[in-house]
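Data block below; observations after.
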Amino acid sequence: MKLYWAPQTRSQRAIWMLEEAGVDYEMELVDIRATDRKDRAEFLAASPMGKVPALVDGDVQMSESAAICLYVADRYASGSLAPAIDDSLRGKFLYWTMYTPAVVEPAMSEKFNNVEANRVRSGWGDFDLMIQTFDEALECREWIVGDEFTAADVMLGSSAVFMRMFDMLPDTRNIGAYADRCMARPAHQRATSKAAG
């Protein structure tokens, strides 16, 4: 298994997910900031837009951090990092796994770029609604889906850590402590060390 990655990108999520799953993989750095970049065909087959992270696992070629997290969880850690397809928690797991790309990131981008928010027009609501919903979902629980850590926590935990790093995380009842729990995980610490080079 090969992960194409770059530092300070969504690749961090994929590295963390692979560490949580305990699978063997190699990392290949892609200099996404190079103006004269010449991407390898294998990388572009996995990521036609030339974005990281991208994963090659045998015949499987894919990109997008949420998709990679779902794939790794289902293929290599079903029942532990992902509820089984017929588990009643599966719907909640899918919702929260996709919350980062569908809600957190658009709301963050809107806020960062000073775009006027419109909860009715935007499927993600706005930054305040995103935070409120995320925070309330963590009330009286350690992890987002249930009693066990899942791939949804990789996605959301990375978002919480990112918002804190860039001073975008407001003072909440639950999200800050959740970020701390995520960062304390050995797999997260290994991933951070690998991404630091």
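The values are calculated or read from the model by the stated rules, or taken from the named source; none is laboratory data. Note that the coordinates shown come from a computational prediction; the quantities given were computed from them, not determined experimentally. Don't worry about glycine lacking a Cβ; one is built from the backbone with ideal geometry, like all the others, and counts go over all protein chains shown. When the accessible area is computed, the model is the full protein with side chains, heavy atoms only, and any ligands, DNA or RNA have been set aside. Shrake-Rupley method; radii C 1.70, N 1.55, O 1.52, S 1.80 Å.
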Worksheet entry | Förster radius 25 Å - calculated FRET efficiency between Glu142 and Ala196, Cβ distance, rounded to 0.05 | 0.40
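Mind putting a number on the dipole of the chain about its Cα centre? Charges go on the C-beta only, +1 for Lys and Arg and -1 for Asp and Glu, and I need it in Debye to the nearest 20.
For this selection, approximately 360 debye.
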Worksheet item: For segment 11-143, what % of the accessible area comes from carbon and sulfur atoms, probe 1.4 Å?
Response: 51
Worksheet item: Using alpha carbon centroids, what distance separates segment 93-171 and segment 1-77, in Å?
Response: 22
Response to the item:
Scoring only Lys, Arg, Asp and Glu (+1, +1, -1, -1) among other residues with Cβ under 12 Å from the Cβ of Trp124 yields -1
Worksheet item: Along the positive direction of the dipole of segment 13-106 (beta-carbon charges: Lys, Arg +1; Asp, Glu -1; about the Cα centre), which of Ala77, Ser88, Met27 reaches farthest?
Response: Ser88
Response to the item:
Rg (one decimal) and Dmax (whole number) from the Cα set of segment 1-137, in Å, equal 16.8, 49
Worksheet item: What net charge do the residues around Glu28 carry, taking every other residue with its C-beta under 13 Å from that of Glu28, with Lys and Arg at +1 and Asp and Glu at -1?
Response: -1
Practice prompt. Would you mind working out the accessible area per residue for segment 1-44, using a 1.4 Å probe, and quoting it in Å²?
Written response: 56
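Can you give me the accessible area per residue for segment 81-172, using a 1.4 Å probe, in Å²?
Counting only protein heavy atoms, the per-residue value for segment 81-172 is 52 Å².
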